[in-house]
Structures are given as structure tokens and as C-alpha cells.
Amino acid sequence: MVSREAIRRRFGTRVPFLLLLSCMILLSYSQVLVSAAVVTLDSIEIFKTHEWLPSKPTVFFSCKGENDTVLPDVKEKHVLYTFKGEESWQPLTELQNIKCKRCGFYEKDAIKSDDVFDEWEFCASDFNSSDGKYVHFKEKEFNATFLCPECVPLANASEASSKGKDNTNMIHWAIIVVIVVAVSVVFVAGLVSGCKYWQKRKRQQQQARFLKLFEDADDIEDELGIGPLSHVV
């Protein structure tokens with residue numbers, strides 16, 4: 001057994017340094033995983049409003065469990081509104097890791113519940129283009145473009161993780177198939193060997209019984225004195 005003193009003499013002060021370096025790498029990696037990716041609204045065009053009265057709509061974006069983000073400039077239909085991402089109401093939300101959120105665009109209603117343009121699962125994996133943009137289109141409702149450059153690595157990580165899981169599943173099933181085939185081959189080989197051994201054993205028993213019959217017949221002839229030697233005088 002290697003003593004602690006021998007390890008110290010062999011590695012010297014490199015062990016604490018290596019431990020510190022490993023901790024720093026793990027810490028930086030974990031920070032990348034939990035860091036929040038900021039999502040801003042790049043542009044939006046609404047195709048309709050839900051109010052019957054001839055008033056300007058109040059359009060807002062909201063994710064479940066978060067505060068509403070009112071879009072103060074969006075008032076007219078069929079007008080493309082573009083933004084710089086520096087507006088006072090920006091950003092819209094933040095995404096962490098590959099966790100999705102239930103988000104949507106809504107229109108405030110003073111009488112009944114707020115009207116829904118559309119709501120969907122908002123995920124970092126949606127930002128799979130190199131420019132970090134994601135377009136969400138809802139027919140007869142709106143067309144919006146979101147910007148999140150920080151989401152691109154998360155989307156790539158999600159895709160890599162998905163491919164890794166698929167590869168793992170394929171390997172898992174391949175191993176199962178190989179094991180089943182191997183067990184089947186061994187079982188069939190054992191069955192064939194057992195049959196051959198049983199047939200050989202049966203032949204040996206038949207031969208032994210046949211020889212025993214001859215031996216018994218010789219013994220009877222000797223007792224009766226009718227064997228081959230009894231005729232020689």
C-alpha cells in the first residue's frame with residue numbers, strides 16, 4: 001500500500017495545484033450551465049386586435065410566474081415595429097440552461113380576462129440560427145422575432161445532449177441484442193451437445209445390455225454343460 005508520504009514525495013506540491021485547477025474548471029463549467037441568457041424582442045407585427053371598442057390595444061409579453069412586459073409602442077395592426085434591445089422595458093425574459101418557459105403575447109382587457117394572441121413553450125433550443133434569432137409566427141395573430149445570442153450555445157448543448165442520448169440508447173439496444181444472440185447461441189449449442197451426449201449414452205447402454213445378454217447366455221451354457229468345450233472328448 002502506497003503511503004501518504006510516498007505520494008507527497010512523488011508529486012510534491014503538484015497535487016494541491018491540480019486539485020485547485022480541477023475545482024476552477026468545474027466551477028467555471030457550472031457557471032456556464034446556470035448563467036442566464038437574456039432574450040430581447042427584435043421585431044413584432046400584429047395582424048389583429050381583440051378589442052371591439054375603437055381604442056388602442058395594450059399588448060404585453062409574459063411568462064408564467066413572471067411580471068408582464070408591456071410593449072408601449074405596439075398600437076397599430078400591420079405595422080412592423082423594430083427594436084434595438086435597449087428600450088426601458090427590455091429584456092423580455094431570461095432563459096437558463098435548456099429549461100423551457102410557458103410564455104405568450106397578450107392584450108389587456110378591461111372588462112374580461114386578457115385576450116391571448118398566442119402562448120407556447122419558449123425554449124433556448126429555439127435559437128438555433130447562428131445570429132441568435134428566433135421567429136415565432138401565429139397565423140392571423142402576429143409575427144415576432146426574438147434575439148438571444150447567448151442562447152445559441154445552450155441550443156447546441158441541448159442538441160448535443162439529445163444526440164448523446166440517442167447514441168446511448170442505440171448502444172444500449174445493440175448490447176441487448178448482442179447479449180440475446182449470444183445467450184441463444186450458447187443455449188442452442190448446449191441443447192445440441194446435450195442431445196448428442198444423450199444419444200451416445202443411450203447407444204452405450206444398449207451395447208452394454210447386448211453384451212450382458214451374451215455373458216448371461218455363456219454362463220447358462222457352462223452350467224448346463226452344453227458349451228463348446230462339452231463336445232470335445
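At-a-glance table
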{"quantity": "For PHE117, residues with placed amide H under 5 Å, excluding near neighbours", "calculated": "PHE105, TYR106, GLU107"}
{"quantity": "Rounded to whole Hz, the Karplus (6.51, -1.76, 1.60) HN-Hα couplings of the stretch 88-93, x for glycine and proline", "calculated": "5, 8, 7, x, 6, 6"}
{"quantity": "Mean Cβ neighbour count within 10 Å, used as a protection proxy, ranking 189-197, 71-79, 87-95 highest first", "calculated": "87-95, 71-79, 189-197"}
{"quantity": "ALA174 paired with VAL135, simple spin-label distance in nm, labels 7 Å along Cα-to-beta-carbon", "calculated": "3.9"}
{"quantity": "Simple spin-label estimate for LEU53 and HIS78 in nanometres, 7 Å along Cα-Cβ", "calculated": "2.5"}
{"quantity": "For the stretch 50-57, 3J(HN,Hα) per residue [Karplus equation, 6.51 cos²θ - 1.76 cosθ + 1.60, θ = phi - 60°, Hz, x = Gly/Pro]", "calculated": "9, 8, 7, 6, x, 10, 6, x"}
{"quantity": "At 1.306 mPa s and 10 °C, Stokes D of the stretch 34-149 from Kirkwood alpha-carbon radius, µm² per second", "calculated": "109"}
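Read-outs throughout are calculated quantities, based only on the coordinates presented, and are distinct from any laboratory measurement. Quantities reported herein were computed from a predicted structural model and do not represent experimental measurements. Glycine also receives a Cβ, built like all others from the backbone with ideal geometry; neighbour counts cover every protein chain displayed.
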